[in-house]
Amino acid sequence: MGWNWMAPAMGIVGTVLITRWSWLLLKDTARVLLDQQRRELEAQVKKAIEDEQKHITDLHIWSIGPNIHAAIVALVSGTPESPDIYRQRIQKQCDSLVHITVETQLDSKTNSAS
């Protein structure tokens, strides 16, 4: 049929497709591999918990799937509540947080002042 040009053309098309796919894969996974924080989720978690008596001392959020995140929250309070209460508050604010670990600590400054 005289289509000698078809093999090199399909090689170029394949190269373009694989290069594009590789670039998008690197771009998507770089955020996970570099453990970039999700700023909007951090703000939502802080809004759900923090007030004058409760302060987050450590907050770590990471991706465990497409638009699915996990979080570890450590907070200090003069009158800490159950971790389940904090977890429920966070889940009301952040639908994409599916696995949340909450650690509460008694604020010794507030406790000794009372």
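The values are calculated or read from the model by the stated rules, or taken from the named source; none is laboratory data. On a predicted model such as this, the values are computed, not experimentally measured, just so you know. All Cβ positions, glycine included, derive from the backbone under ideal geometry; neighbour counts span all protein chains shown.
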Meets criteria (touching a strand residue (DSSP E or B) at 6+ places or on another chain (Cβ under 9 Å) and either buried (at least 19 other Cβ atoms within 10 Å of the Cβ) or among the polar types (S, T, N, Q) (or both)) for Val102:
yes
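Looking at His60, is it out of contact with any helix residue (DSSP H, G or I) (no Cβ under 6 Å at 6 or more places or on another chain) and under 15 Å from Ile100 (Cα atoms)?
Details: out of contact with any helix residue (DSSP H, G or I) (no Cβ under 6 Å at 6 or more places or on another chain): yes; under 15 Å from Ile100 (Cα atoms): yes.
When the stated conditions are applied, His60 passes them.
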Kindly evaluate Ala71 against the criterion of being surrounded by 17 or more Cβ atoms within 10 Å (Cβ to Cβ), over 13 Å from Thr104 (Cβ atoms) and either outside the structural domain of Gln105 (by TED's automatic domain parsing) or small (Gly, Ala, Ser) (or both).
yes
